[in-house]
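Structure, as structure tokens:
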Amino acid sequence: MKKLLIIAAFAAAGIGAYLFIPQQNSSASYNVLDYVPADTPIFTGQLEPFPLKDYLSSAPVMASPTEQQRLDDLYDKNNPKLNFFLNIFATYQEGLQDPDSLIKTFGFPEQLRAYFYTLGLLPVLKFEIENPQAVWDLLDKNELETGFTHSKGTLQSLNYRAYPLTDENDPAKLELIIAIDKGLLTITLNSAYSEQTLLATALGLTKVENSLAASGQIEEIIKTHNFNQASVGFINHLELFKGFTTMNGNQLASQLTTIEKQYHQESFFTSIRNAQCESEFAGIANNWPRTVFGYTELAINAKESTLAVATIFESKNQTILNALKSIRGYIPEYVADLEHNVFAMGLSLDINQLAGSLNDILYELQTPAYSCQPLAELQTEINQLGGSIAMLGMGASMANGVKGISIGILDYTISQLNNDPILENLDALFTLSADNPQQIFNSVKMFSPELQQIQLSNSGEAIDLATLFPIPAELNLAPKLAIKGKHLLIYNGEKGKKVADTLSSEQLNKNGIFNLSFDFKKMFTPIVTAAELAGETIPEEAMFLSDYDARMKIGFDINQQGIIFDSYINNKAAK
């Protein structure tokens, strides 16, 4: 997870993710947001210093020989350009093992703040550097090693490096631009089709007229979605669709028009640049205006780090939101209990509402009838789903009253018997939550002769499934079947029984749609043990995961603002 968060800063100038950068060396009067247009399609910013060194210290990174080998295989003696960027990436990979080395090599401060955004189509990545000379030394070193060199440029007295990304005979003359000014490192692109004023804005030399700083968008997003002020980002669907469907409706549209004219050929955008498509795409964008994301929890020190991020697909279409909210079911509390679980997953759907809600969504997606060709074709495909939804409704009637299913592995251990690994212990449970779990069981047992003589009651008395189904002794399992309150359960082990008993008091309140949680160390340590007992060679990646002290949760839900994806990770440094 740490790699994924940090790699984004160096993978490419055109890819935005969560980036980290500080402001210690920048001019107090310089605000990056003054140089970001309010109509930028994409923006993400670490607005407060991110403790990079502490984060790297709290979350271990494995040096994988197979990963290094894959990197080595990419090198090509006839491609100095590729080798140059691979060298920098390899240096970064090595630095992850030693936070002090990484910070020194790349000139980072220990606290980082960063920004990624686009000026229409042009990507801009900015982060502050404590030691600019370290950046130039790193680039010079790799130029000498690979033979890939830069040309020098100057704009308004600011010197920059330009690394060619296209062949000499390519009329686009695409270049990677690297400059440092006011303590900020800027990485962006330039081409033969770009105006100097655009590059000046990207390098922080010329402010934009209608800036993101003056628009109030950042403050509004943070307030609306209750984000931590440390970081926020968005994808503006309104500006993206405007750029795709108009000739000069915004900066993105004008740039795409210029590129099409320069290459004298039509593109997909040409086919949707008409009044009908512009109007219909604008209608969709008004209903689904943005995707926004930000921290909901952030606590980092050298021994432990916790990050929680919410991504929200905003919607003003209350018909679809209400339909989705109506199918929310119940996920038991144990699914989110990272402290006591190895792995848990819950899918909660109100089966009684499923068919009706899907029909409402299907009808809404077909209204109004679109004339824009791509949208009309999509509506035709959606229309064909009507029969499938009808069949789904018929099938769902067999699970009347079901509100969700969940599974949890609470603990497990593996030992050795006669030189073979065996499952010594398993604490786990499977939960089916329903308005009338006894009725669900009575429906299910019609398909199983072994269960037809069993009578389950809401009293919670458990049935030993080992007396009904043959279970191999070497599995060391003694599963029980019971009804606890509103939940039909199969559980195994003392911990499984303990959690099962707590479900008796849990009511079926709508609380989500999907949750997944797992503990890396608890999950992989027994697997590595089993491999060792079997005498198998253990990949280093598996060995790392068995020592990786981290817990993660992923969730999906609906609220009044839109569709929500949540992620949470907690890391602890190796002891």
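Here are the numbers for this structure:
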| item | result |
| --- | --- |
| Residue 285 vs. criteria open to solvent by less than 20 Å² (accessible area, probe 1.4 Å), farther than 21 Å from residue 515 by Cα and touching a residue at least 12 places away in the same chain (Cβ under 8 Å) | yes |
| Any pair with Cβ under 7 angstrom, 6 or more apart, that starts in region 545-564 at a residue that is farther than 23 Å from residue 337 by Cβ and ends at one that is open to solvent by 50 Å² or more (accessible area, probe 1.4 Å) | 561/224; 562/313; 563/313 |
| Residue 334, sole failed condition from (1) surrounded by fewer than 17 Cβ atoms within 10 Å (Cβ to Cβ); (2) at pLDDT 90 or above; (3) in contact with a strand residue (DSSP E or B) (Cβ under 6 Å, 6 or more places away or on another chain); (4) of a type in the set (Ser, Thr, Tyr) | (1) |
| Yes/no for residue 237 being crowded, with 17+ Cβ neighbours inside 10 Å and under 27 Å from the mean Cα position of the chain (by Cα) | yes |
| Evaluation of residue 517 against (1) of a type in the set (Gly, Ala, Ser); (2) free of Cβ contacts under 8 Å to residues at least 24 places away in the same chain; (3) touching a strand residue (DSSP E or B) at 6+ places or on another chain (Cβ under 6 Å) (one fails), failing number | (2) |
| Qualifying residue in region 439-452 (condition: buried (at least 16 other Cβ atoms within 10 Å of the Cβ), of a type in the set (Gly, Ala, Ser) and touching a residue at least 24 places away in the same chain (Cβ under 8 Å)) | no |
| The listed residue being under 23 Å from the mean Cα position of the chain (by Cα) and not aliphatic (A, V, I, L, M), out of 286, 341, 359 | 341 |
| Meets criteria (within 20 Å of residue 194 (Cβ to Cβ) and open to solvent by 30 Å² or more (accessible area, probe 1.4 Å)) for residue 248 | yes |
| Number of positions in region 158-196 that are surrounded by fewer than 18 Cβ atoms within 10 Å (Cβ to Cβ), at pLDDT 95 or above and out of contact with any Leu (no Cβ under 8 Å at 6 or more places or on another chain) | 1 |
| Search result, residues across region 342-364 that are touching a residue at least 40 places away in the same chain (Cβ under 8 Å) and part of a helix (DSSP H, G or I) | 351, 352, 354, 355, 360, 361, 364 |
| Matching residues, region 406-424, being acidic (Asp, Glu), more than 25 Å from residue 503 (Cα to Cα) and open to solvent by less than 50 Å² (accessible area, probe 1.4 Å) | none |
| Residue 271 vs. criteria more than 18 Å from residue 40 (Cβ to Cβ), at pLDDT below 95 and open to solvent by 30 Å² or more (accessible area, probe 1.4 Å) | yes |
| Filter result (among the hydrophobic types (A, V, I, L, M, F, W, C) and within 15 Å of residue 308 (Cα to Cα)) within region 557-575 | 564, 565, 569 |
| One residue from 480, 486 being free of Cβ contacts under 8 Å to residues at least 40 places away in the same chain and surrounded by 19 or more Cβ atoms within 10 Å (Cβ to Cβ) | 480 |
| Criterion (of a type in the set (Ser, Thr, Tyr), touching a residue at least 12 places away in the same chain (Cβ under 8 Å) and more than 30 Å from residue 433 (Cα to Cα)) met by exactly one of 271, 315 | 271 |
| Residue check for residue 318: in contact with a Cys (Cβ under 8 Å, 6 or more places away or on another chain) and either open to solvent by 20 Å² or more (accessible area, probe 1.4 Å) or closer than 30 Å to residue 487 by Cα (or both) | no |
| Residue in region 208-223 that is of a type in the set (D, E, K, R), surrounded by 20 or more Cβ atoms within 10 Å (Cβ to Cβ) and closer than 20 Å to residue 562 by Cβ present | no |
| Among (1) outside any helix (DSSP H, G or I); (2) open to solvent by 50 Å² or more (accessible area, probe 1.4 Å), the one test that residue 276 misses | (1) |
| Residues satisfying the stated conditions in region 50-94, i.e. open to solvent by 50 Å² or more (accessible area, probe 1.4 Å), at pLDDT 90 or above and of a type in the set (A, V, I, L, M, F, W, C) | 82, 85, 89 |
| Condition met for residue 575 (touching an Asp or Glu at 6+ places or on another chain (Cβ under 9 Å) and closer than 30 Å to residue 478 by Cβ) | no |
| Qualifying residue in region 369-390 (condition: open to solvent by 80 Å² or more (accessible area, probe 1.4 Å), in contact with a helix residue (DSSP H, G or I) (Cβ under 7 Å, 6 or more places away or on another chain) and within 30 Å of residue 492 (Cα to Cα)) | no |
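Condition check ((1) under 28 Å from residue 531 (Cα atoms); (2) not β-branched (Val, Ile, Thr)) across all residues:
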| site | (1), (2) |
| --- | --- |
| 422 | yes, no |
| 441 | no, yes |
| 446 | no, yes |
| 464 | no, yes |
| 478 | yes, yes |
| 482 | no, yes |
| 491 | yes, yes |
| 495 | yes, yes |
| 502 | no, no |
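Quick grid of which residues meet (1) at pLDDT below 95; (2) surrounded by fewer than 18 Cβ atoms within 10 Å (Cβ to Cβ):
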| site | (1), (2) |
| --- | --- |
| 123 | no, no |
| 128 | yes, no |
| 136 | no, yes |
| 148 | no, no |
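The values are calculated or read from the model by the stated rules, or taken from the named source; none is laboratory data. Bear in mind the structure is a predicted one, so any value in this text is a computation, not a measurement. Don't worry about glycine lacking a Cβ; one is built from the backbone with ideal geometry, like all the others, and counts go over all protein chains shown. What goes into the accessible areas is simple: the full protein's heavy atoms, side chains included, and nothing from ligands, DNA or RNA. Shrake-Rupley method; radii C 1.70, N 1.55, O 1.52, S 1.80 Å.
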